[in-house]
Amino acid sequence: MSEQGKEERRLSKAVITLMRQPRFAFYSGMLMMGRTSVEDEGVPTAYTDGRNRKFGREFIRGLKDKELAFVALHECMHDLYMHLTVWLKLYKENPKLANMACDYVINLELVLLDPKEDFIAMPRDKSGKAMGCLDMRFKGMNSKQVFDILKDEGGHDTGEDGEDGFDEHGWEEAQGRSKEEKEEIAKEVERAIRQGLVALKKAGKGAGDISLELAELIEPKVDWREVLREFVKATCRAPQVSSWRKVNRRFLAGGGGSSDSYMPSMIGETVGRLVIGIDTSGSIGGEELVAFLSEVKSIAEDVNPEKIDLVYWDTRVAGHEEYEQSNMADLVKSTKPVGGGGTSPSCVTDWLHKTKIVPECSIILTDGCVGGDWGGDWPSPVLWCIVGPYGKSIMAGTGKTVHVD
């Protein structure tokens, strides 16, 4: 092959090396997606449009083999996370910060994936300084969280050294595609993810090898409202009892009502109490609280509980509000959240036992940062509604768990 093809060979070798290593097994499908090319003009560094990746020839010549592998995987991960589609809103708000936020997430993930630089190494300039965005304080965050921090801090629009990264992102090209093209790319990414999960399993690696942003991408989408509704209905099904208040005409003697004797109808009675426990120490904002309580109010109208005990808690029950059927419709407007200390769900079960309240079920809204304290001995079924990005991998130690977006 001619000297002109040397960079193509190096890039191909870097990709093949990554695909053969167990620690990069998940990315094998994505590395093969789309078209990869080496360009003589128009691409000063590296570039992705959300599917296809381009690398400048002169840029490749200035990279060591491990640095080239790092850049190749970096571009692949932009496509995997569908950054140019998922975070378009951030780009429209501030293009520079959107680019930086996405790069910070990817670079940190890659550095942590190979901390000893056995196979990949972040590109560095002649002085040894990293050429891209890297900050360990962003560990465990997604691009939106990083973007918000950068925006709050300010001062990033002036282009400090290293903050421009080593690649370019084709946001406009990605958005210029037709609806059908975007849908097809999404399907390609889904297929690549499935291939990667199979490869990850064969390599003997588990979900712990997947980042938060990737976990959010591949997590099965569950409608928390539907889970909440089904839980309440299943645990608070109103008993069917006999009543003489309504006549069931099917049991009228003779079928025509000529007899004076008739049988009672079966009707649903009101269920008991519901306990709603709100963690006021975590990351539950007003918007999430309103959405959650609105759904609870709607469900209450279906199951007709005799009372709702709304409890605000941190390390103690800081507030208790009672709603009877007469004022249940005002729950969302009239509630007054209180609290703000530590986090200990056991205070709720202690309070239930102390007050001798045995509800039909308890529904707990929390960010999941409870230090292993899941309340202990609950007197009735409990559903944990876990809110926030850090709660996505948390499963309660008792009862049922649903993650609230």
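Since every read-out is calculated from the coordinates, none of them should be taken as a lab result. On a predicted model such as this, the values are computed, not experimentally measured, just so you know. Heads up, the Cβs are rebuilt from the backbone with ideal geometry, glycines too, and the neighbour counts pull from every protein chain shown.
Ile308 sits among other residues whose Cβ lies under 10 Å from its own Cβ, and their net charge, with Lys and Arg +1 and Asp and Glu -1, is -2.
Which order do Trp374, Trp384 fall in if you start with the one that has the fewest other Cβ atoms within 10 Å? Mind showing how you got there, number by number?
Working: Trp374 21, Trp384 27.
Sorted ascending by nearby Cβ count, the order is Trp374, Trp384.
For segment 45-176, with the dipole built from +1 on Lys and Arg beta-carbon atoms and -1 on Asp and Glu ones, taken about the Cα centre, which of Phe119, Phe138, Met82 lies farthest toward the positive end? Working it through, the farthest residue towards the positive pole turns out to be Phe119.
For Lys202, the lysines whose Cα falls under 26 Å of its own Cα, not counting residues fewer than eight places away in the same chain, are Lys13, Lys66, Lys116, Lys187, Lys221, Lys392.
Tally Lys and Arg at +1 and Asp and Glu at -1 over the other residues with C-beta under 13 Å from the C-beta of Ser344: what net charge comes out? Let's see the in-between values first.
Values: positive: Arg316; negative: Asp279, Asp314, Asp350, Asp373.
Every neighbour counted, the sum reads -3.
Spacing of the modelled spin labels on Lys129 and Met32, each 7 Å from Cα toward Cβ, amounts to 4.1 nm. Exposure proxy for Ser127, Ser344: other Cβ atoms within 10 Å of each Cβ, ordered fewest to most, give Ser127, Ser344.
Cross-link partners of Lys307 among lysines, defined as those whose alpha carbon lies under 26 angstrom from its own and excluding same-chain residues fewer than eight positions apart: Lys233, Lys246, Lys297, Lys333, Lys336, Lys354, Lys356, Lys400. Reducing segment 271-337 and segment 54-106 to their Cα centroids gives an inter-centroid distance of 44 Å. By other beta-carbon atoms within 10 Å, ranking Arg225, Arg53, Arg35 with the fewest at the front produces Arg35, Arg225, Arg53.
Name the trypsin sites (Lys or Arg not before Pro) in segment 65-133 that are in a loop by DSSP and that have at most 15 other C-beta atoms within 10 Å, would you?
On the way: sites: Lys66, Lys89, Lys92, Lys96, Lys116, Arg124, Lys126, Lys129; in loops: Lys116, Lys126, Lys129.
Loop-located and lightly packed - Lys116, Lys126, Lys129.
The GluC sites (Glu not before Pro) of segment 1-104 that DSSP puts in a loop, and whose beta carbon has at most 14 other beta carbons within 10 Å, are Glu41. Taking 16 Å as the straight-line reach from the Cα of Lys92, the lysines in range (excluding those fewer than 8 positions away in the same chain) are Lys144, Lys151.
Net charge of the neighbourhood of Glu172, taken over other residues with C-beta under 13 Å away and scored Lys/Arg +1, Asp/Glu -1, is -1.
Were the residues from Thr355 through Glu188 laid out at 0.36 nm apart, the gain over their Cα-Cα distance would be 54.5 nm.
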